[in-house]
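Let me begin by presenting the structure, written as structure tokens, before commenting on it.
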Amino acid sequence: MATKDSKPTRAEKRAAKAAAKAARGPRFKVIRDAYQVTKREQPKVGLILLSIFVGVLVVGITIGAIFGSVVSAAFFTTPLALLIAFIIFTRMATSAAYSSIEGQIGAAASVLMSIRKGWTVDTAVNVNRNQDMVHRAVGKPGIVLVGEGREGVKILLNDERRRMERVAPGVPVNTLICGEGEGQVSVRKLQRQMKKYPKKLSMSQVRELRARIKSVGGMNIPLPKGPMPRNIKLPKRS
């Protein structure tokens with residue numbers, strides 16, 4: 001280990017570079033994967049982002065030229081142009097990610113699992129032969145059962161709701177169907193809908209509820225194989 005007065009050794013420099021590279025790797029991989037998904041849905045995404053960056057930069061430099069400070073304007077406008085282009089890219093990537101999973105088996109499960117805070121999600125806790133399925137989310141609002149599929153999903157939802165009411169009497173049990181039909185919640189609005197439920201339980205009650213459900217077990221059948229896209233991470237909404 002290098003002391004305060006000594007220079008870092010070559011091995012320590014290599015280790016520091018490796019650690020920095022490992023930290024950057026996952027972040028770049030997520031951006032690269034998001035760009036690839038977006039490009040499949042919107043082939044001109046690169047041209048659009050470049051046009052936005054150049055447009056903002058030109059506007060900033062033009063304003064700087066009017067006030068006689070082109071260099072300063074370019075210096076301050078460049079990061080602003082990058083930020084605006086990245087914000088637009090994030091929105092395009094979000095839309096492309098949703099488009100790529102809409103109508104696919106397990107789309108609702110993908111969205112639920114992307115909610116990283118406040119919910120514990122068990123996918124496909126009830127499934128029938130037609131691949132209708134129910135997913136269960138447990139959080140401060142109580143239990144939310146999310147169904148996706150055709151007509152048979154209503155029966156699965158009712159069965160699972162009755163089971164949860166027996167397992168956890170008095171705990172709110174909400175149900176919804178993810179889809180594009182009347183009275184259903186689309187994949188794009190599912191995260192927003194999950195955040196609309198009022199909080200009824202404390203954290204200690206949520207932990208007790210999770211333990212109770214875990215103790216009785218459940219089907220928790222793996223999702224059926226299908227054309228679901230891989231390595232797609234939906235952005236967390238604020």
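The values are calculated or read from the model by the stated rules, or taken from the named source; none is laboratory data. These numbers were taken from a predicted model, which means no experiment stands behind them. When we count neighbours, we look across all protein chains shown, and the Cβ atoms used for this are built from the backbone with ideal geometry, even at glycine.
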Self-check item: Residues of region 135-183 satisfying the condition of being among the small types (G, A, S) and touching a helix residue (DSSP H, G or I) at 6+ places or on another chain (Cβ under 9 Å)
Solution: A137, G139, G142, G147, G149, A168, G179
Quiz item: In region 92-111, is there at least one residue being within 20 Å of L209 (Cβ to Cβ) and aromatic (F, W, Y)?
Solution: no
Quiz item: In this structure, is R166 surrounded by fewer than 16 Cβ atoms within 10 Å (Cβ to Cβ) and either at negative phi or of a type in the set (V, I, T) (or both)?
Solution: yes
Exercise. Name the single residue, out of those in region 134-156 being in a strand (DSSP E or B) and free of Cβ contacts under 8 Å to residues at least 40 places away in the same chain, that is nearest to M113 (Cα to Cα).
Key: H135
Quiz prompt | Residues (free of Cβ contacts under 8 Å to residues at least 60 places away in the same chain and closer than 16 Å to G179 by Cα) located in region 82-102 | solution = S99
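Could you tell me whether V111 is of a type outside the set (F, W, Y), over 20 Å from V54 (Cβ atoms) and in contact (Cβ under 8 Å) with a residue 40 or more places away in the chain?
Spelling it out, V111 is indeed of a type outside the set (F, W, Y), over 20 Å from V54 (Cβ atoms) and in contact (Cβ under 8 Å) with a residue 40 or more places away in the chain.
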Self-check item: Failed condition for P198, given (1) surrounded by 16 or more Cβ atoms within 10 Å (Cβ to Cβ); (2) on the phi < 0 side of the Ramachandran plot; (3) touching a residue at least 40 places away in the same chain (Cβ under 8 Å)
Solution: (1)
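Results for (1) among the polar types (S, T, N, Q); (2) modelled with pLDDT under 90; (3) touching a strand residue (DSSP E or B) at 6+ places or on another chain (Cβ under 9 Å); (4) assigned by TED's automatic domain parsing to the domain that holds Q205, shown as yes or no for each residue.
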site: T78; (1), (2), (3), (4): yes, no, no, no
site: L83; (1), (2), (3), (4): no, no, no, no
site: V111; (1), (2), (3), (4): no, yes, yes, yes
site: S114; (1), (2), (3), (4): yes, yes, no, yes
site: R129; (1), (2), (3), (4): no, yes, no, yes
site: H135; (1), (2), (3), (4): no, no, yes, yes
site: V146; (1), (2), (3), (4): no, no, yes, yes
site: L156; (1), (2), (3), (4): no, no, yes, yes
Self-check item: In region 188-238, residue farthest from V167 (Cα to Cα) [restricted to those that are at pLDDT 90 or above and hydroxyl-bearing (S, T, Y)]
Solution: Y197
Quiz item: Among all residue pairs at least 6 apart or on different chains, which show Cβ distances below 9 Å where the first residue, located in region 61-81, is touching a residue at least 24 places away in the same chain (Cβ under 8 Å) and closer than 20 Å to L49 by Cβ and the second is of a type in the set (A, V, I, L, M, F, W, C) and surrounded by 15 or more Cβ atoms within 10 Å (Cβ to Cβ)?
Solution: L80/V56; L80/L57; A81/I52; A81/F53; A81/V56; A81/L57
